[in-house]
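The values are calculated or read from the model by the stated rules, or taken from the named source; none is laboratory data. Quick caveat, the model's predicted, so the values are computed rather than measured. Glycine also receives a Cβ, built like all others from the backbone with ideal geometry; neighbour counts cover every protein chain displayed. Quick note on the areas: whole protein, heavy atoms, side chains included, nothing else; ligands and nucleic acids left out. Shrake-Rupley method; radii C 1.70, N 1.55, O 1.52, S 1.80 Å.
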Amino acid sequence: MASESDVRAQLQRAGQEHLLRFWAELAPGPRAALLAELAPLEPDALREHCRRAAAAWARASGPPPGLAARLQPLPPERVGRARLCDPETRRRWEEEGFRQIALNKVAVLLLAGGQGTRLGVTYPKGMYDVGLPSQKTLYQLQAERIRRVEQLAGERHGTHCTVPWYIMTSEFTLGPTAKFFKEHDFFHLDPANVVLFEQRMLPAVTFEGRAILERKDKVAMAPDGNGGLYCALEDHRILQDMELRGVEFVHVYCVDNILVRLADPVFIGFCVLQGADCGAKVVEKAYPEEPVGVVCQLDGVPQVVEYSEINSEVAHLRGTDGSLIYNAGNICNHFFTRDFLQTITRDCEPLLQPHVAVKKVPYVDEGGNLVMPLKPNGIKMEKFVFDVFPFARNFVAFEVLREEEFSPLKNAEAASRDNPSSARRALLAQHYRWALQAGARFLDAHGAQLPALSCLPPDGDPPAICEISPLVSYSGEGLEMYLQGRELQSPFILDEEQARVLRLLEM
Ligand code: UTP
């Protein structure tokens with residue numbers, strides 16, 4: 001192991017020797033831990049990281065000038081619409097997606113290295129239970145959707161197929177995620193097909209370019225953003241693993257969208273048939289100034305432009321049909337070919353520009369006291385997964401219905417949106433709709449029929465509690481055989497066992 005004097009010399013070269021200022025006070029254990037953390041920080045890279053962070057912060061002052069004139073929406077031929085296309089086209093996309101899944105060419109990749117600071121729990125967000133009757137966590141819902149999509153593809157093509165699940169974690173999430181999966185027997189997936197790997201961490205930096213100590217013996221480190229994916233793929237030889245398995249297409253998604261359709265055959269099929277190397281699912285923005293990134297073109301090149309970079313006038317622009325021109329809200333649901341990921345990791349990663357996130361970073365002051373700052377005091381440098389869009393040769397976007405596919409869990413309950421209640425409501429409302437579409441009717445305690453959702457306010461609770469296991473239905477398919485003509489009462493839980501009972505009743 002590196003000695004204190006080696007590390008001190010390294011830090012001096014990087015201009016960061018203050019990180020050892022409490023050395024004399026530390027016991028042997030904390031000293032060893034601090035050295036282990038500091039030794040891998042290569043001095044020139046550390047110096048450069050701190051310099052770039054401070055410089056980027058000093059530069060980052062609102063929307064770049066002249067941006068509006070350089071923006072364009074994506075050309076219409078690059079955008080598919082699940083809602084507006086005819087059923088035959090949709091069927092063709094879905095069929096192609098299932099075909100690729102059945103050929104074992106599709107993998108899913110979960111970005112789960114975030115710290116979930118807004119939600120404010122001490123464990124990885126995927127372990128969160130939003131309060132469904134089944135008490136399923138986000139990880140469990142996702143695992144079950146993988147099992148169901150494998151089953152559907154296998155049934156259509158008479159094969160047994162696998163959708164490997166790659167999960168990018170970070171120092172914060174790797175240990176607890178691995179433990180959680182083991183404790184839950186990998187939710188009945190084959191552990192060989194669940195590949196956890198870890199992204200890199202970077203020091204948080206003050207506005208003056210000094211790395212921050214969060215304890216006397218610990219540097220404040222943060223994961224390098226979900227765009228850390230590309231270094232992590234290389235660090236852990238993940239693309240080689242994909243190649244060995246024959247994977248050609250990868251669906252990358254965020255942990256927090258409770259409605260996410262893993263390996264969505266319609267999206268995969270659309271992208272494959274378009275010959276795309278890179279694609280993004282989008283939803284129509286809910287209102288002009290909604291804080292979501294917009295998928296569009298900048299100087300003719302596909303990009304996600306952050307909401308904070310688009311001025312209000314541009315955000316409100318409407319086309320002749322009255323719809324917003326910059327309407328394609330990014331929902332962190334991406335399609336990549338393995339070849340494209342190979343090009344990125346091999347050639348383009350160093351060209352990706354980190355973004356500045358200004359955060360409240362707890363630190364120790366000169367006297368060694370822990371300070372919880374009340375306003376942002378530190379810079380975290382992050383890359384974003386969508387930073388690679390400009391390198392695509394054939395980029396496509398695919399618009400889907402928000403109420404069917406997007407409800408992110410970002411905030412704690414106290415926030416007005418994107419919180420545990422809104423995520424739970426979105427899933428239960430969807431399942432209530434699916435049940436009605438399959439021909440069920442819900443009755444109240446007095447036998448009166450409950451209304452359809454279309455008669456209710458969009459973000460209210462559904463009139464009855466209905467939860468359908470992803471193991472029974474992935475996207476609303478196949479429910480008629482259980483529900484057609486049935487009168488149901490709240491709460492109604494359609495899990496595998498209940499489905500078996502209902503099927504027996506039919507016989
Ligand atoms: P968010 O930007 O919502 O961040 O991440 P977060 O860490 O989950 O939550 P906050 O901002 O601290 O409240 C979007 C997705 O990117 C992943 C997250 O796990 C989530 O799936 N992510 C984020 C990473 O995988 N690595 C990172 O370094 C950051």
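Observations on the model:
- Projecting the Cα atoms of Gly126, Ser407, Leu46 onto the charge dipole of the chain (Cβ charges, centred on the Cα centre) puts Leu46 farthest toward the positive pole.
- Under Karplus coefficients 6.51, -1.76 and 1.60, residue-wise ³J(HN,Hα) of the range 192-203 in Hz, glycine/proline x: 5, 9, 10, 10, 8, 9, 10, 8, 7, 10, 10, x
- Each of Gly154, Phe492, Thr117 was placed along the dipole of the chain (beta-carbon charges, centred on the mean Cα), and the one lying farthest toward the positive end is Thr117.
- Cα-based equivalent ellipsoid of the range 435-507: semi-axis lengths in Å, sorted from largest, via gyration tensor: 21, 14, 11
- Estimated D of the range 173-214 in µm² per second, where Rh is the Kirkwood radius over Cα pairs and Stokes-Einstein applies at 4 °C, 1.567 mPa s: 99
- Summing Lys and Arg as +1 and Asp and Glu as -1 over all other residues whose Cβ lies under 15 Å from the Cβ of Phe335 gives a net charge of -2.
- MRE, 222 nm, helices only [DSSP H, n ≥ 4, -39500 (n - 2.57), over the chain, to nearest 500]: -9500 deg cm²/dmol
- Segment Gln484-Arg200, extension gain: residue separation times 0.36 nm, minus the distance between their alpha carbons: 97.2 nm
- Percent RCO, i.e. relative contact order, over the chain, from Cα pairs under 8 Å lying at least 6 residues apart: 19
- Rounded FRET efficiency, nearest 0.05, which uses the C-beta distance separating Ala69 from Ser421 and R0 of 45 Å: 0.60
- Ordering Leu202, Met242, Leu138 by Cα displacement along the dipole of the range 116-255 toward the positive end leaves Leu138 in first place; charges were set at the Cβ atoms of Lys, Arg (+1) and Asp, Glu (-1).
- One chain, two ends: Leu401 and Lys216. Fully extended at 0.36 nm per residue, the span grows by 61.7 nm beyond their Cα-Cα distance.
- Acute angle (nearest 10 degrees) that the helix 174-183 long axis makes with the longest principal axis of the chain, alpha-carbon atoms: 40
- Per residue, the range 1-118 exposes an accessible area of 54 Å² to a 1.4 Å probe, with every protein chain left in place.
- Filter on Lys182/Lys285; Lys125/Lys360; Lys182/Lys375; Lys105/Lys136 - keep pairs with C-alpha separation over 30 Å: Lys182/Lys285; Lys182/Lys375
- Rounded to 0.05, the FRET efficiency of the Leu502 and Ala56 pair, given R0 = 56 Å and the Cβ-Cβ distance, is 0.45.
- Label-to-label distance, Lys359 versus Gln449, with points set 7 angstrom from Cα along the beta-carbon direction: 5.2 nm.
- Length gained on full extension, Met372 to Ala27: 121.8 nm, using 0.36 nm per residue less the C-alpha separation.
- Based on Cα contacts under 8 Å between residues 6+ apart, the range 271-358 shows a relative contact order of 36 percent.
- Shape category assigned to the range 185-338 from the gyration tensor of Cα positions, a/c cut at 1.5: oblate
- Carbon and sulfur %, accessible surface of the chain computed with the full protein complex present, 1.4 Å: 52
- Cα-based reach from Lys179 at 14 Å (exclusive), listing aspartates and glutamates while leaving out same-chain residues under 8 positions away: Glu171
- About the centre of its Cα atoms, the range 387-507 shows a dipole size close to 100 debye [charges on the beta carbon of Lys, Arg (+1) and Asp, Glu (-1) only; nearest 20 debye].
- Given charges at beta-carbon only (K, R positive; D, E negative), |dipole| of the chain in Debye: 480
- Phi-based couplings in Hz for the range 239-252 (Karplus 6.51, -1.76, 1.60; Gly and Pro marked x): 5, 5, 4, 4, 4, 4, 7, x, 6, 10, 10, 10, 9, 9
- Prolate/oblate/rounded call for the range 64-152, Cα gyration tensor, a/c under 1.5 rounded: oblate
- DSSP beta bridges in the chain [antiparallel fraction, %, rounded to 5]: 55
- Using the Karplus relation 6.51 cos²θ - 1.76 cosθ + 1.60 with θ = phi - 60°, the per-residue 3J(HN,Hα) values for the range 328-343 come to 8, x, 6, 10, 6, 9, 10, 10, 9, 7, 4, 4, 4, 4, 4, 4 Hz, with x marking Gly and Pro.
- FRET efficiency, 1/(1 + (r/R0)^6) with R0 25 Å, evaluated for Glu290 and Glu477 via beta carbons: 0.25
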